[in-house]
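Take a look at the structure set out below.
The values are calculated or read from the model by the stated rules, or taken from the named source; none is laboratory data. Here the structure is a predicted model, which is why all the values come from computation and not from measurement. Using ideal geometry, Cβ is built from the backbone for each residue, glycine included, and neighbour counts are taken over all protein chains shown. In case anyone asks, the SASA skips ligands and DNA or RNA and just uses the protein heavy atoms, side chains included. Shrake-Rupley method; radii C 1.70, N 1.55, O 1.52, S 1.80 Å.
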Amino acid sequence: MGVFMNWVVNGHNILGIIFITFLVSVILVPLAKKIAIHVGALDIPDARKVHKHPTPRMGGLAIYCAFLLGYMLFGKLNIQIVSILIGSFLIVILGMLDDIKPIRALYKFIVQIIAAIIVVVYGQIYFTKITFLGLNLEFNLITSYVLSVFFIVSITNAINLIDGLDGLSSGISSIYFLTISIIAMLLGKFSGLDVTLSLIMLGATLGFLFHNFPPAKIFMGDSGSLFLGFMISVIALVSYKVATLTSLVIPIVILAIPIFDTVLAIFRRLLKGESIGAPDKEHFHHQLLKLKFSPRVSIIIIYLVNILFSAVSIFYVIGNTKVAIVLYLFLMLALLFLILKTDILYQHKDKNKK
């Protein structure tokens, strides 16, 4: 604990940043719940959903407000954060409107692309190369812009799609923000924008998780899941920009569960001849529920898998990269085994049927 007390970011103690944003989020969630009920932003149960009662779904508003206050108190103003504030504002407004009344996927993609372009072009937050396993792919400016926008939109939607169980998106996001913060601080990069954003988002997201862990009193809705996905992708690009992370592979591996789940959902729906945006009940967390795990146990299992990927990622950055790669491969094989044993990609024949 003494070590943490000596770590400061922009002149502020890291535990203070996390505690204050956590407290603000915890306090604001009940207010967000009342607003959601007032405007009719309720998640009504159906055959695809796990919850049994109508639940308010605009909890992302509390996370966003805690983030704004946190940056006002602990951040520094520059062109990068201005672009992030503008982009995140568009994302949260989009999510709030969708929480009240569903918006067509095309319109949602357009707004997400605009928000991403603002961050990449106006804020100049983008990657110019990808390095991993000795490979070094460099891109020209236009290609960098396009790939960075694609990265932001993809991660934003990956977090949004996995948000189907109490505490799932908020827990995975919290693990991500904590991992990036640990990596940055272990490397001695205390003053970077990425670590400031990660600590603020960690506190804000944990504050929401206090109300969202099963059984949830409120859902974050698209206002929360889209915002978290947006911030996760932006922090990854910022970390790459300030050299906290030397490869974008690291944040991608930390997010292995939501990325795997999204990719498999796309393939699953294509195999069925359905639209890739069609909802279903075959996501990773649904497979755990089919195995008779309770929602709470299912969440804890996903957390543990995510923590393993995060731990190996930290080891990859500060330890033996060869050993880390072997561990990565082992975890990937375990995921592949799970894919083959469940219906997450395709429906297995019922063994009980003759």
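Observations
- Charge dipole (debye, nearest 20) of the chain; +1 at Cβ of Lys and Arg, -1 at Cβ of Asp and Glu: 820 debye
- Between residue 103 and residue 78, the modelled label-to-label distance comes to 3.0 nm, taking each label 7 Å out from Cα in the direction of the beta carbon.
- Averaging the sequence gap over all C-alpha pairs within less than 8 Å and six or more residues apart, then dividing by the number of residues, gives the stretch 82-169 a relative contact order of 25 percent.
- Mean residue ellipticity (222 nm) of the chain, computed from DSSP H runs ≥ 4 via -39,500 (n - 2.57), nearest 500: -22000 deg cm²/dmol
- Length available on full extension from residue 144 to residue 337: 0.36 nm per residue minus the Cα-Cα distance, which gives 66.0 nm.
- From phi via Karplus (6.51, -1.76, 1.60), per-residue ³J(HN,Hα) for the stretch 320-325 in Hz, x at Gly/Pro: 8, 5, 5, 5, 4, 5
- Within the accessible area of the chain (1.4 Å probe), percent carbon and sulfur: 73 percent
- Computed FRET value (nearest 0.05) for residue 318 with residue 35, which takes r as the C-beta separation and R₀ as 51 Å: 0.75
- Applying the Karplus relation 6.51 cos²θ - 1.76 cosθ + 1.60 with θ = phi - 60° to the stretch 105-116 yields 3J(HN,Hα) values of 4, 4, 5, 5, 5, 4, 5, 4, 5, 4, 4, 5 Hz, where x marks Gly and Pro.
- Using θ = phi - 60° in the Karplus curve 6.51 cos²θ - 1.76 cosθ + 1.60, the 3J(HN,Hα) couplings for the stretch 287-293 round to 5, 5, 5, 5, 7, 6, 6 Hz; x is entered for Gly and Pro.
- Extension reserve of the residue 23-residue 330 stretch, reckoned as 0.36 nm per residue once the Cα distance is removed: 106.7 nm
- 283, 12, reordered so the largest accessible area comes first (probe 1.4 Å): 12, 283
- The chain: most fluctuating residue of 299, 110, 257 per GNM, C-alpha cutoff 10 Å: 110
- Across the chain, C-alpha contacts under 8 Å between residues 6 or more apart give a mean separation that, scaled by the residue count, equals a relative contact order of 22 percent.
- Overall form of the stretch 100-155 per C-alpha gyration tensor (a/c, 1.5; a/b vs b/c): prolate
- Considering only 13, 160, 78, the mean-square fluctuation computed in a Gaussian network model of the chain, springs between alpha carbons under 10 angstrom, is largest for 78.
- Kirkwood-type radius of the chain, with distances r between different C-alpha atoms, in Å: 20.6 Å
- Accessible area in the full protein assembly, largest first, 1.4 Å probe, for 209, 106: 106, 209
- Gyration tensor verdict on the stretch 103-217 (Cα atoms; rounded if a/c is under 1.5, prolate if a/b is larger than b/c, oblate otherwise): oblate
- Average accessible area per residue (Å²) across the stretch 200-301 - probe 1.4 Å, nucleic acids and ligands excluded: 33 Å²
- Å³ per residue enclosed by the Cα convex hull of the stretch 177-269: 111 Å³
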